[in-house]
Structure formats: structure tokens, C-alpha cells
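The structure under discussion appears below in the form of C-alpha cells.
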Amino acid sequence: MKDDGKKKRIGVFVCHCGVNIAGVVDVEKVAELLKDYPGVEFSTDYVYMCSEPGQQLVLDKIKEDKLDSVIIAACSPTLHEKTFQSAAELAGLNPHQVEIANIREQDSWVHPDRDKATVKAVKIVKSMVEKAIQNEDLEPIKVGVFKKALVIGGGVTGLQAAMDIADQGYEVIVVEKEPSVGGKMIQLSETFPTLDCSQCILTPKMVEVTRHPKIKLMTYSEVESISGFVGNFKVRIKKKPRFVDEDKCKLCNECADVCPQIVPDEYNMGLSFRKAIYMPFPQAVPGTYTLDMESCLGTLPIRCGKCKDVCDAQAIDYDMKEEIIEEEVGAVVVATGYDLYDMKALGEYGGENYEDVLNGLEFERILSASGPTGGKVQRPSDGKVPKNVVFIQCAGSRDPENHNSYCSKICCMYTAKHAMLYKHRVHDGNAIVFYIDVRTGGKNFDEFYQRATDDESILYLRGKVSKIFKEGNKMIVWGVDTLTGQKVEVEADMVVLAMAMTKADGVPELMKKLKISIDGNGWLAEAHPKLRPVESLNQGFYLAGAALGPKDIPEAVAQASAAAAKVGALFAKDELMHAPTIVPVIEELCSGCGICVSMCPYGARTLNAVRKVIEVNEVLCEGCGACAAACPAGAAQQLNQSDSQIFSMVKAILRG
Amino acid sequence: MRVHYYPGCTLKEKATNLEDSTREAMARLDTDLVEPEGWTCCGAEYPLITEKIHGLIPPVRILRQVEIEEGSKVVTTCAFCFAVLKRANKAMLDNPTLHTRVNEYLADDILIDPTTKEKRTHFESYNGDVQVLHLLEYLRDEVGLGHLKSLVKRDLSHIKVAPYYGCRLLRPQKEVAIDDPETPTIFEDFLNAIGCTVVDFPFKQECCGSYLSASMPETSNEPSYRVLNSAKMNGANVVALSCPLCYYNMDTRQDRIKEEYLEFNGFPVLYFTQLLAWALGADVETLGLDKHLCDPRPLFDIKQNAEDVEVNL
Amino acid sequence: MFEPKIMCFLCKWCTYAGADLAGTSRLEFSPNGINLRVMCSSRIDPQHILHAFKEGADGVFIGGCHPGDCHYVEGNYKTLRRVTLFKTMMEQLGLDPKRLRLEWISAAEGKKYVETMNEFTETIRNLGPLNLEEKTLTEEGVCHE
């Protein structure tokens, strides 16, 4: 031990806590008995140790009696450990020389027998004295912070987080796997409950992000791996080849004009077509074309290669290769969003086989002025204006037996919006909504729903739909009205399913790489559902948006700003303090067996194959001690909780 | 190949065309069908009664006899028997209380010893180890649809078949289903393998009226009519099924349907085994086509003589 | 009446906090156990348990977080494995494995902590004193309890 045989001078302060402790425990006796205990230099009792004079007493005695360790026998360490550590620090004592003996919560409050409680208190204090005898002065481990953030996901959540971090003056990299940022929100027509146009509010934000000097946008890119620890992450980003030089592309559309390959358009949910070389949508950011090599006919002149020929700007480069870009960041915001539950899973509703049974996002595209029909409501099969439209809520949600048990939260509102927008466009049309419950918790949400039912004469039927099938030109919808108990059969020209929100494609695999836990439904797990809703248990990772679970735009944006604020708080420090009660290696004892390596959940221990000893990354070590218990040689000893300390404490408790 | 086969009582009485065509087809697949000794009715009402023990005794007795005869599988064609046997078997596997009680009841039962043909009274308890298979499953998993296709002797492409699953092959999902209950394909895959033209129609899983034809006959007309009409509207020229009760409702009772729906002028209904046997080259006489109320024979007319029109596929 | 000595190792995040909650809830229970706070139950080495028995403990209690709740990801699983193995070893040594108890007690389970302590004290009381030191080892190195 560090004190090299030098005898420690320990001070013991027993708190009365008014009558909380003194009412049961004979505090004077405890202080008296401790006076003669080996190592104890000074022992006293005092009415309120945590009071100003109480703390002053500790401070004075440390100086007066040259104490090099103090025991405060009082309440639980969770309450005042910090208080007394600060007081001791003022007197020049290392805070790791302060120990709290818990004689209130774990003694006087639970054992009313005065004698028994007093005996127990003495033992508790003695065990802490034994610990203190071997305590070392420890300095917190300092780590630098790389003040640059990575945001994964370029939807509204990711963009908001990026803007908010960048506005605090820190650099941000946004990684988006699609060719353009914008996410799901850019596909929406109008947003509830205000009915303002989604594109109109999102595109300015998208442009702002590109123009922000602190933000680096990496679209058509994916995070390959992240290593390191909070403040010091190394990120590998895979940049997929676009085959078009973003800077040179003049957006003339000549390439797409000559491209002979037609494929379904993702932006319009496959309701229209695009070319193999394309711009996802006119306001795409970055404003550039992308050549989708999977759909391309061939770049060799013998196969096709037409687009390169017509590009005057010479922006097309068939030789572009996939790149791996490495970046260093200090924090990561995960905003990977959601996907819609697969319609194939709902066989009873046609399982994607009926063209006129749409999911919510497909209907958004039909309603959108930038959509395949220019905002005119027409059904995909024959372009006719549907006169009867059935909307089905909870399609795949709230069905623990067959699908997802959770409520997708936004469907009630967007179905009301869909039905309303449909009625605005087709005045003589009928809109029928099947629902289980209508949930309108949100600002102005219920008013919006009331407007749908009262002013817009949308028919709400409480019940589930059992089956949809085609009869000639119509869809027959079989359902039940549970309020009247009647079976309902409706002829519909079009059916819109409010499909459940579900985890985004590829997210569980990515989270496994990032060591961010996910729940049973595939949503990201927050550090604490109430008090730490935008943090991950994996330090340095912040979570926001629909990747955590179903939520609407304002909630996602609020979480984005919250995550950005958390990143700001982290970056405000130049150095991070890391608790020094880690488990280093006593190299003389270490045989390099590597057992502790497998015990460590943080990868803090590595085997140096040359020197045959374990090396410890003290920043990664969280100090759980699992390795210390596993080490067969006793080479892994936790600082200030060594085996020797535990043995002495056990002895004091059982024999003291 | 030798496999245990539970025909059920209906096949021996009303649905002899299902029984005969099954035997004909399986003989052509070189499969020996072995009926468990002393089999009884499966207790068709098991799904309907609340006192489970009584409903379980007959099917478990049959399954136990299969086990005594060292069978590991039992094949059925009747969808109702299939569902009863499979549910009973599952109950024996999953429900320890039922398992104990049913075995207690059966402890003093008398069964026929397969070797000595003598009556035996002491048996080990039955633990749900026999696998219950519908013939469609057997064809898919044991024979193999690819192999089946290679054995087809006749061209059936002019027969546009609407495959009708009914309820018993698919529900209750967790106890019975031989395929996804919402989007099943096993019947279609089978029909494709024997060369029929498959017609998809939305009523393939809807109810035929079931037992209502006995208790409330007027009510069961509508569901049966809807199924037949939907098949017809979607371009089928025959409905194929595997359940004698569905067959009774949809073929035997077609006169009643005609009385209620004047525009309906009959629609042929076949057991899938009749198509199977025919595809494998069976003589038309073996199929029991004369038993049908709506005569399906025109569909088989063109190529009545198997040897003459054998096609090489 | 025999008052057993019980050595309790509690993880800081769950069981120690649960013991504190028992205090703030003023739940009364037998005072035989004395707690030693460790960062994680996985810090407990079989040596510590043996040492406690050697120093006169009649029973040893280990409290950790519920499976899945470990602050250090999976420390409690490691503890479970060690305790399970150690109990086998106790049998070989002639110690009654009932003298060692592992329990998952969360920070919200003050009541469970109290019930467990009372129960465990009673168990040990019924088993009687261990007095390991006074026991002479047989030739095979096994103590006969």
C-alpha cells in the first residue's frame, strides 16, 4: 500500500442526526469505543455533522490533528458523501480518504433495540476504519474531449440535432444512408393538427443544414463501426459511390432523360417510376443526381453508358469507388427513425396484393402536391377518383397475438388528417374510419379529431376489419361495428391502412455494433425511461426521435434538441473526469492468463502478447471489480477496494 | 412406403368418393395405407364441447393405437378428423393436467394388440408422440411436390380449380394450421404440382356454414353460396376441398341453394384426392364421380381413357 | 436464543439502495446482518465468502441487481455463476449451501430486502452456529457440520 507502513491518523465523527440516530444508538458510547481502535487518532460525536458547524468541525480537526483519513458515521453515503468529500478537500485531504459509515438508514432506522443497534453501529464504523487504513489518495482520471459530434440519420430529428449542436459552436457530421436528407417527413403531404405543408417547413431546414459552416453532410453513407469511448470515438463511415460528382452536377436532367432504365420510385413509395440515374425529389439535399448501379443497364458503351455521353458538366464518373472515411468524434446522436410495418404481414387485408389497398405513407404521396398524381386523389389501379375510402387504424398495432403489442401513437391523428384531406379533395366522397380507440393526447389534437367527425362528416366505426377482398372493381371490406354489434360490409374504392410504426431496417444490427441496447420491439432503449430519456447507457451516445418508439414530429424534434443540449453539456468541458476507483494490474503478479479480459464488459483489459501481461485502459474501466474477483493471482486489485481491504472489513464486522 | 391412415367414419359411409380416390391415389404413389386396429369415430365434436376430457378420449385412443402399432405418423384426409386429432394431440403435449386425466381414463381401456390380435388392458400412457398429418402435408413434406409432379400422367390444365380450405385446416392457428391462416399456399402448391390451373378467390378460408346445415339449414345456404359464387366469379370451373362437411354443404345441398338463389345453376365440387388420383392416371370409375349432385364428369370427359392421352410432362 | 452472525455483501446500485429504502421506510428487521458495500456483486470473490465463514460468519448474503438491470451490463450473471459453483464446492467442504444466499433486490425493493434478511436470519438460526474455527478437519480435509 501507498502509506509505506506509516501509521494512518484517522478521525471518527459520529452524528446524532438529532434523534434520528441518537434516539436509538448510544452515539457517545460509539465514539468512546472507537477512541482506542487501532488507527483512530480522534473520535467524537456531534449533533448534526452535515450542518455548517459540523462540517467545520471535520475541517478543523483534519488540520489540528493532522488526520489523513476521516470516517463520518451518519446517514447513507448516497446523501452526504459528496458533502463531506468537499469539506475534506477544503482542508487539503484527498476526497478518497473520506468514508461514510451508514448508521442511520441501515441501523438506527431499522433496529429499535438500543443495545443491538449500538453494537451494530460500532461494527459498521470499525469496518469503515479498516477500509480507511488502506485507502490511497486517488486523483480522478482526466480524458480530453473531441468536440465534434456524429449524428446518425438525416431525418427531421437528425437535422434538428445537428443544427442545435452546430449552433452551439461545435462541428457535426450527419450520416444519412439515402441519397438525400429529409427522412420520412419529406414524404408527408400536410401535418396534423395544423395542416401545414410538410415540405414547406422541412426544406428550409434541409438547406440550412447544408449551408451551416459547422455541419458536414454525408449522404448515401452508412456508419460501419464506432470504437473508442465517450469524448474519443473513432468512426468509420462507408460512403457509397454516387457515380455523380456533387459539385459538378448542374441538375439539367439530361442524364435521366436518356436513361432507359425505369424502376419504382422510393420517394413516391413505388407509386410512380424513376430512372436509374435520378434525383430523389426536386428539393433533394444535396442537390445532385445519383446513379443507382443496381438498376443501371451497364456503364460500358456496348451496354449503355448513355448518361455519361450527354453530361456536358462531365459530372458522371463510372469509376467512383466505395470509400471508407474515418472521423474522430466526442459524442454520437442516434436518430435512425422508423419504418412502416410490412403490409405483407396482414394477409387478411390482401397482404400487399391489392393495388388499391395502401399504407399511410403511400396515401401521403397521393395527397401530396409533389406526389405521383399531383395531389389529386386517384387510385393506383386505374386512376379513378375513389368515391368510397375506408381507413383502418391499428393495422399491425395493438395486436400482441399476431403483430405488435404497442400503440403506434400517431395513426389516430394522421388517419383523421388523411380522411379530412381526402374530403377536401373529393367533396362528394365518403370516408369511413375503423378504429379500436381514438387517442388524441396532444396539443389541439382532440379539437382536430372533433373537426373530422363533426364538421367534415367522416364516419367513425368502432371495430376491427376482419377481411378485405376484391370483387370486380371494388374492394369489399368486412368489419364489425362493436357499438351496435352488427357485422359491417362496405364497398370501397380504396382502402388506407394505418400501418404500425416499426424499427427501421438494419437498426438492430447497427445497434449491436454501437452497443446500444434495444427493447423487445427493436426500439432503442433509453438510459432511464423517465429521467434520462435521450441518453443511452453506453456513455457518449444520445438517442432521439422515432428510433426510440412511435412519436410525432414535435416530440421527435424536442428529443433532438434535448440530445443536442446533452452533447453541448458534454462538449462544454475540456476534460472529462473519470472515477479513479478502477482495477489496475500489479504486473509482478500477472501471469497473462487473460481470464479478466473475458470478464470485462467494457473491453478495458487487453492482453499484451509480447509482455504477457494485461494492460488496462483506465478510461474504459468502470470499476465494477468483476475482473478482480476472477483473477487467480490477485494481480487485479480494485483501488480502495482491494481484497485486503475487504478481508479486514469482514474481520472487523464479524469480530469487532 | 407404409403409413398409418385414419379415414374416419364419414369416409366409410357418405364420403366414399374421398376414401376411394385417396386409396387409388396413394396406391399409385406406392404408399400402403394402414388403418389402426379397432379405430372409432374421432369424436368430431371435440372442438365444440366444454368438457374437454370426454372430447379427448376418442382421438387419444386412436392415436395411442397408432403408437402401439409402432406408427410415428398418422395421415388423414378428412379436414375435420385432422383438426380433432391434431388438437387432441397438442393438448396431450401441452397440458399436463389433461394428459394425466385422459391417461387415467384410458388406463383400464381395452385395445387390440397388433401382433396377437388379442385384447389388451394395460398400456403405457400416451404422451402426444404421434405426428398428425393432413394428406396435403404428407404430399408436401413426405412425398415432395417436385416428385409428385414427376409422377403426373394426365394434363389437367383445363381444370380451373378454386382451392377451398375452409376452417379446419387453418384454425385455430396455434393448434391446427397447416399453413399461414391468412395467406395459405399449400393447397395451391399442390394443385400446381398436379398441373391444374389454380384460381385465387377471396372466400377460400370463409365458413361453408358448417353444422348449421343440420340445426339451421336455411342459414347455411348463404355462406355456401358465397363460396361457390366467388369461385365462379373468379373464373374457376370447380371447387376443390378436403372436408366432407364442406362437401355436404356445398355439393349435396346445392338443390337448396338453387331454391334460394335463383340465378345459381350449380357448380361442381371435388375432393382434392379425386384430382390427384386422376392426375396420376386412375380410371375415372375409381373416383366416385357419380356420387356428386352437381355432375363434375364433363371436366373429366375429354381425356377419359388414361392410356390414350397420357402426356409426357 | 442463538443470534447468528451474517455477513452481507451488497451491490451499490441496487441492493444497497434497497437497504437504504428499508431505512427511509422505517421497516424493522433483525439486526444480525451487517452490510459491506461493493460496486457490483461480481466483485465478490469466493475467497471473500470463505474468509467470512472463517472469521466466524454463520451465513453469507450477496445482493445484486435483477437480471438485465446490472449497472455493469452483466455482472450479476457472473455472480450467479460463481455462487452456483461455490455452493457445489460448499457441499464438498461439508458446509451447508443454505448458509450462502444470493438474491436480486432492486433499489425499489426495501420490503423484499427486509423479508429476505428476516428469512435468512431464521434459516441460519435453525441451522445453528457454524463455529468453523473450532471444528477440526477430518483427514480428508472435510469438516462435518
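The values are calculated or read from the model by the stated rules, or taken from the named source; none is laboratory data. What you are looking at is a predicted structure, and each value in this text was computed from that prediction instead of being measured. A quick note on method: Cβ atoms are made from the backbone with ideal geometry, for glycine too, and the neighbour counts reach across all protein chains shown. Quick note on the areas: whole protein, heavy atoms, side chains included, nothing else; ligands and nucleic acids left out. Shrake-Rupley method; radii C 1.70, N 1.55, O 1.52, S 1.80 Å.
So the values come out like this:
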item	result
Buried accessible area, chains C and A (both chains, 1.4 Å probe, Å² to nearest 100)	3700 Å²
Per residue, in Å², the accessible surface of segment B:132-251 once ligands and nucleic acids are set aside, probe 1.4 Å	34 Å²
For segment A:239-386, alpha-carbon Rg relative to the globular expectation (2.2 N^0.38 Å, N residues)	1.26
List of segment B:189-233 residues, accessible area with partners at least 40 Å² below that of the chain alone (1.4 Å probe)	B:202, B:203, B:206, B:226
Chain A, relative contact order in percent, only Cα pairs under 8 angstrom and at least six apart counted	13 percent
Prolate/oblate/rounded call for the protein assembly as shown, Cα gyration tensor, a/c under 1.5 rounded	oblate
Theoretical FRET efficiency, 1/(1+(r/R0)^6), r = Cβ-Cβ of residue B:16 and residue A:505, R0 41 Å, to 0.05	0.15
Formal net charge of residues neighbouring residue A:375 (Cβ-Cβ distance under 12 Å; K, R +1; D, E -1)	+1
Surface per residue (accessible, 1.4 Å probe) for chain A, Å²	42 Å²
Kirkwood hydrodynamic radius over Cα pairs of chain B, then Stokes diffusion coefficient at 37 °C and 0.692 mPa s, in µm²/s	163 µm²/s
Hull-based mean projected area of chain A, where the convex hull spans the alpha carbons, in square nanometres	39.2 nm²
Cα-based radius of gyration of segment B:2-132 once divided by 2.2 N^0.38 Å, which approximates compact folds	1.03
Other protein chain Cβ atoms within 10 Å, averaged over every residue that makes up A:638-649	3
Acute angle (nearest 10 degrees) that the helix A:52-64 long axis makes with the longest principal axis of chain A, alpha-carbon atoms	50 degrees
Shielded by partner chains, segment A:79-119 residues - at least 30 Å² of accessible area, 1.4 Å probe, vs chain alone	A:105, A:106, A:109, A:110, A:111, A:112, A:116
Accessible-area composition of segment A:340-502, carbon plus sulfur, in percent [1.4 Å probe]	45 percent
Heavy-atom accessible surface of segment A:595-639: percent carbon and sulfur, 1.4 Å	60 percent
Chain A - share of DSSP beta bridges that are antiparallel (%, nearest 5)	50 percent
Overall Cα dimensions of segment A:360-485 - principal axes, largest extent first, Å	38, 36, 27
Estimated buried accessible area (total), pair A and B, 1.4 Å, Å² to nearest 100	800 Å²
Convex hull volume per residue in cubic angstrom - Cα atoms of segment A:293-334	136 Å³
Global geometry of segment B:159-286, whether rounded, prolate or oblate, following the gyration tensor of its Cα atoms and the 1.5 cut on a/c	oblate
1.4 Å probe, heavy atoms, protein only - residues of segment A:424-471 losing at least 50 Å² accessible area vs chain alone	A:467
R0 of 45 Å, Cβ-Cβ distance residue C:77-residue A:214: FRET efficiency to nearest 0.05	0.55
Exposure ranking of A:577, A:501, A:269 by accessible area [1.4 Å probe, largest first]	A:577, A:269, A:501
Principal-axis tilt of helix C:110-127 within chain C, Cα atoms, nearest 10 degrees	10 degrees
Rg to Rh, two decimals, where chain C supplies the alpha carbon set and Rh follows Kirkwood	0.98
Helical contribution to [θ] at 222 nm, DSSP H n ≥ 4, -39,500 (n - 2.57), averaged over the protein assembly as shown, rounded to 500	-9500 deg cm²/dmol
Approximate spin-label separation residue A:321-residue B:258, in nm, with each point projected 7 Å along Cα-to-Cβ	7.8 nm
Cα-based helix-to-principal-axis angle, A:643-655 vs chain A, degrees rounded to 10	60 degrees
